[in-house]
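The values are calculated or read from the model by the stated rules, or taken from the named source; none is laboratory data. As the structure is a computational prediction, the values presented were derived from the model and not from experiment. Here the Cβ positions follow ideal geometry from the backbone for every residue, glycine too, while neighbour counts run over all protein chains shown. Ligands, DNA and RNA are excluded from the accessible area calculation, which covers all protein heavy atoms including side chains. Shrake-Rupley method; radii C 1.70, N 1.55, O 1.52, S 1.80 Å.
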Amino acid sequence: MFRAAAARTQVGRVIGRRNASTNVAVQNLESRWKTLSTSEQNSIAKQLEEAQKGDWKVLTSEEKKAAYYVAFGPHGPREPITKPGHNGKVFGGVVATIAASAALFYVIRMNGSEKPETFTKEWQEATNEYLKSQNSNPITGISSEGYKGTGYVGN
């Protein structure tokens, strides 16, 4: 009985010492993590791992927060690729690209040659006459009885 009580107090002292040593290392860990060297980061991670093997009720809230940050925080491979303000830059780039495309389209259309000769009304009427002579689409199209459409004549 006395041995069990002595063992509990000894374990409590070890846990208390362990918590005291890690408590200093884990204060404001989120803000200090990037400034720590790799060896310091690894030693803190190992200390927290050892502390988590014990009773979680004994851990302080700082240690729990630090353990969560080390396991799931935005550092290393989980660091965000984009920085704040990135969405605005992407939106501006897309708008600029669309505007440049519209300007290029306008310049090409203004400097392009005249419409092809197949766009003239005479050509389209000649196409209609040719299709009628060939009896093209005799059921519902231009060669059908009572056809009232314009055929290939556009506006």
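Data for the structure
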{"read-out": "Per-pair calculated FRET efficiency, R0 = 41 Å: Leu104 and Asn135 via Cβ, rounded to 0.05", "value": "0.35"}
{"read-out": "Per residue value of the accessible surface for the stretch 37-131 (all protein chains in place, 1.4 Å probe), Å²", "value": "80"}
{"read-out": "Protection proxy ranking of 114-122, 56-64, 132-140 - average other beta-carbon atoms within 10 Å, highest first", "value": "56-64, 132-140, 114-122"}
{"read-out": "Debye intensity ratio in log₁₀ form over the Cα atoms of the stretch 85-140, taken at each q of 0.19 Å⁻¹", "value": "-0.78"}
{"read-out": "Simple spin-label estimate for Ser113 and Thr60 in nanometres, 7 Å along Cα-Cβ", "value": "8.4"}
{"read-out": "Spacing of the two label points (7 Å from each Cα toward its C-beta) at Phe72 and His86, in nm", "value": "2.1"}
{"read-out": "Karplus (6.51, -1.76, 1.60) ³J(HN,Hα), θ = phi - 60°, over the stretch 52-60, in Hz, Gly and Pro reported as x", "value": "6, 5, x, 6, 6, 5, 7, 5, 7"}
{"read-out": "Sulfur and carbon atoms: percent of accessible area, the stretch 23-155 [1.4 Å]", "value": "58"}
